[in-house]
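Just so it is clear, none of the values below were taken in a lab; they were calculated from the coordinates. Bear in mind the structure is a predicted one, so any value in this text is a computation, not a measurement. Counting neighbours? That spans all protein chains shown, and the Cβs are built from the backbone with ideal geometry, glycine included.
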Amino acid sequence: MMHLSLFRSHGLFLPFIKRCPDIKICRIKRRSQACVTVITHRWMKSISPARDFSSNASEKETFDMSEFPVERIRNFSIIAHIDHGKSTLADRLLEITGAIAKTASNKQVLDKLQVERERGITVKAQTASLFYQHDGQTYLLNLIDTPGHVDFSYEVSRSISACQGVLLIVDANQGIQAQTVANFYLAFEAQLTIIPVINKIDLKNADPERVEKQIEKVFDIPREECIKISAKLGTNVDQVLREVVKRIPPPAARVDDPFTALVFDSTFDHYRGVVANIAVFGGRVSRGDRIVSAHLGKSYEVNELGVLRPDQHPTETLYAGQVGYIIAGMKEVKEAQTGDTLYLQKQPVEALPGFKPAKAMVFAGMYPMDQSDYTTLRSAVERLTLNDSSVTVQRDSSLALGAGWRLGFLGLLHMEVFNQRLEQEYNASVIITSPTVPYKAVLASAKLIKEHGEEVITIINPAHFPERSLVEKYLEPMVLGTIIAPDDFTGKIMSLCQTRRAVQKNMFYIDDHRVMMKYLFPLNEVVVDFYDQLKSMSSGYASFDYEEAGYESAELIKMDFLLNGQPVEELAIIVHKEKAYSAGKAICERLRDAIPRQMFEIAVQAAIGSKIIARETIKAYRKNVLAKCYGGDITRKMKLLKKQAEGKKKMRRIGNIDVPKDAFINILKRT
Amino acid sequence: MSRRAFLRQHHALQCLGTGLGCSVLLRSIATHRLPPHSDEASLYVHWPYCLKKCSYCNFNKYIPRSQNHAVMTECLQKETQTLLQLSQVSRISSVFFGGGTPSLAQPSTIAAVLETVSKNAHLSDDAEVTLEVNPTPAGKASLKDFMLAGVNRFSIGVQSLNDDHLRTLGRDHNSQHALRTVSEARTLCPGRVSVDVMFALPGQSAKSWESELEKLLPVCDDHVSLYQLNVERGTLLFKQVETGELSVPGDDVTADMYKSARRVLEKAGFCQYEVSNFGKNNAVSEHNIGYWRGRQYIGVGPGAHGRFVPRAVGGAQREARTQTLGPDVWIQEVQRHGHGTRRRIQLDHRGLLEEVLVMGLRMNEGITQQHWELFSPEADLQHIFGMSENVQELQAGGLLILNDRGLRCSWEGLALLDSILPTMLLELETFFQSRVSVHQQQHRLSQRQMTVYIGET
């Protein structure tokens, strides 16, 4: 899961992006591309130029959405652990209902980001309206694809709240995994109809009966309700659609009510502005209507709206219970945040419950490898955040690494996806620092509270860490982690969790030899390398997922690192008291190995306040490589020395010690 | 009368004939802003051929399939003449035949080059003329002929007296050959034989190195050059070390080796006068001292380097010159143009001072105030380096000494020279930058005054 964060550009990559923008660039990019094509063929507007999905004549029509009353609408999501086949099933559903043509290349049509295809996860939710014939009637089935990871649990919960049911997919071989559980609870708490689907029954090692038992035991769903399919081969996929119609109730929405819609996703199109995906909870909305977004209270005129098949097909009106897209002259994704409510200006309604702005839980510094790339990188970051309002961006600068940013992400995967997109789609070469979490401090005195304007302050940068005497207590963010693994690994996993200051909440067998464990973790204990360690100690069998679990009081301290007594500002960290010694020692060792030997001995120390808790020594070297230097050697020698002198200028000087940028990168980067 | 003595007389007659003495005087007045010692230079002659490749060597050398000594001789002579005339030096202070393996050249080639020198400049009878010698039986056999050709100092590439080491290094001699060659050379040129020794060899320990050196010193003459075996990219040795076939001692071990070598040499009466060079009974390499003191030198032969003012074409600045690397192309160029100079870079004042600094600090005595003043009459050492915190730190660390006598490394500092030099170069740069900004201010000031003046009219 963790990748090397020291991204370097790949020589081969850029031309490939240029050649195939529709594969490499995200959905919005594709549309921009499509728009360019449309400009030259305006008369062909209704044809989707980007993708030749189907020769079905109905594709070219504009749909009259009034033909679909609420009773014949089903809104559902597919939720699954990574790689259990969510996107493959979605492809089959699209094929069967004629939304896309049946071709061998329909592999995960809804996953359009390269990262998504590579990692088998869905980051950006995508939506498709399917027309399905059942008992002589045409049903409108809205498949609302959800992000496949609980980093995006807020987005998942918003997507889910636009649905009345979910398909819970479980791999017939792997069985229930950590994310299956997390996703199940999101759907369960939203009181949705859950249809368990056991996928990949065609696999040699498939054991659908065992998985049925797990589902019964963990989720309390009778095994008879499980549908056993192979999305890859199409086996029983039709049954899935039938059950969707049969089991999932239609949305409880009335056309006569005032227009109310939930924004469950939004993206940015360079030509048309923000495209918001909405679920209409009541009433109707048409082109030309003036609407208001509840969060910001701004009003807009609807320029275009329609359904997603999964490409945009404009319609005149969307009715209660339906799902589609809306374009209304919004300039930034922040104007149509996930979870926001839209209503008609002339008919104000109460906002739908549950909206909260995105909250960054993991922070990392980002710096260009070379300062001359700052501007390029800045525009790449700007372009990426246009599409992802959940990334927070603050300018930051480090004495060692230069000008850069401190970025806030929803979680680890979110961070990883962002970095990977930056690398792959913008070919950017960046240094990402090791992630940190937002701590809080409850201030002790009224005076301080007045000064800060609040009692509890959030600390992102160790430089702003208030002294112990000024605070009543420190707080750290917690997560509730779910680990599912074969029981051979239970002991190892328990001791790993223990070293991560985790508290076990419960543990039980989900079948004969698989254990599900729940632990309360401090978030900072899982952000760095927990998942990697878990994976490697369980030969890849353990799965892990987490959900936020608020803040808890913690003994936090700020640790400084000193070189010959001089503190190195950019290395200061906030650490739990229990971990101070091991963290201090580890970083001192890394510094010892990263800083080249110099003419003087260097003491590398970790300090808490004035107390030194760890020390390493970089011995002075006593001799350069002894090389002769006569007439013929002078030119080469001078060149080398001048280069060293130039290099010395670029080094960060701390006291009498020259620290090369590489050494900082080694210490600060994610590992 | 030896050939040299004859030539010297010949040259003196020529000088008288052309009234050169008078013109020298005139020139020295006209060009008093030239870098110091522009009227004399040393001469380096590169013989590019070797019989076989040593496993550690990445130097400019060629294993020839066939070799035309006559053509090579002619070209070395031609280029010597061209460059001597270009430099207009009146005196050649020393000559050094290096390589490659110059002892593979025919003694007549050496004689011919020296003859050309004497025809074009004054080469004093006691000027040092060194030849690098490979201690093979063939090398030993021709020492006498080389002497007769005008060589008066031998630098012998003994490297080691351990036959295993010699084999690993790919040398084409063994310890017996080395001992015989040194002994013969000492008989021929007593007090003017230098021995090259290498340490940090594969498999060598600090202890074994010390005892090898102790065994070697009694057979040496008055001069020893000490080199660390460097594993250079692109050599066979590099590959062997890379693949783990051979391993060379680490940094701490080589530091001990250097330290013990310096101690052993000192005990044996050898005085260190440069990072790599030791002598007793006042024996030094005059030619190499020329490099370290920032004097002019002319480089002749494929890939040779030079530093001199091309006064014949009106040059006023010293140039860093490099001759064409490959012998075949070099021969063609010399035949066509009279020289094979491939690259010329003008050394400005700062560039020259940088070299004076870098080379001067290699010597034990360092850079004396007088020596520095020769090159930098406008700013003395104290002025440039005295105020620097970094320099003060080096002094406090006991690595560098800056006082009334000059600037030099301490005993410990000499071993760390390469780490000290970047700091010193940066200080020199800072000095030049501050001077430039003062000049710019003055310039701006004068411009402003001028503007006022124009406005008034």
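General observations
- Whole-Hz ³J(HN,Hα) from phi, Karplus 6.51 cos²θ - 1.76 cosθ + 1.60, for the stretch B:336-353, glycine and proline x: 7, 10, x, 7, x, 5, 9, 9, 10, 10, 6, 8, 7, 4, 5, x, 5, 5
- For A:PHE508, A:PHE184, A:PHE664, B:PHE97, the sequence from fewest to most other C-beta atoms within 10 Å is A:PHE508, A:PHE184, A:PHE664, B:PHE97.
- Shielding of B:414-427 by partner chains, average beta-carbon count, 10 Å: 6
- Cut-off under 5 Å, modelled amide H: who pairs with A:ALA403 long-range: A:SER398
- By the count of neighbouring beta-carbon atoms within 10 Å, fewest first, A:MET651, B:MET147 end up ordered A:MET651, B:MET147.
- Per-residue average of Cβ from other chains inside 10 Å of A:639-650: 4
- As a rough footprinting exposure proxy, the listed residues A:MET537, A:MET366 were ranked by other beta carbons within 10 Å of their own, and the order from fewest upward is A:MET537, A:MET366.
- Sequence-distant lysines (8 or more away, or on other chains) whose Cα lies within less than 28 Å of A:LYS585: A:LYS440, A:LYS473, A:LYS492, A:LYS535, A:LYS558, A:LYS577, A:LYS611, A:LYS619, A:LYS648, A:LYS650, A:LYS661, A:LYS669
- Per-peptide average of other Cβ atoms within 10 Å, ordering A:580-587, B:193-200, B:105-112, A:334-341 highest first: B:193-200, A:334-341, B:105-112, A:580-587
- Under Karplus coefficients 6.51, -1.76 and 1.60, residue-wise ³J(HN,Hα) of the stretch B:410-419 in Hz, glycine/proline x: 6, 4, 5, x, 4, 6, 10, 3, 4, 7
- Summarising the amide proton neighbourhood of A:ILE510: residues at separation of 5 or more, or on other chains, whose placed amide H is nearer than 5 Å comprise A:VAL515, A:MET516.
- For A:ILE431, distant residues with modelled amide H under 5 Å away: A:TYR367, A:MET369
- For B:254-264, mean number of other protein chain Cβ atoms within 10 Å: 2
- Eligible aspartates and glutamates near A:LYS579 by straight Cα distance, threshold 19 Å, same-chain separation 8 or greater: A:GLU467, A:GLU476, A:GLU525, A:ASP529, A:GLU552, A:GLU555, A:ASP560, A:GLU589, A:GLU616
- When the convex hull of its Cα atoms is viewed from all sides, the protein assembly as shown shows a mean projected area of 62.6 nm².
- Mean Cβ neighbour count within 10 Å, used as a protection proxy, ranking B:262-269, A:523-530, B:431-438, A:83-90 highest first: A:83-90, A:523-530, B:262-269, B:431-438
- A straight Cα-to-Cα reach below 12 Å connects A:LYS213 with the aspartates and glutamates A:GLU224, A:GLU225, A:ASP511, A:ASP512, residues fewer than 8 places away in its own chain not being considered.
- By the Kirkwood approach, averaging reciprocal distances over each pair of separate Cα atoms, chain B gets a hydrodynamic radius of 24.0 Å.
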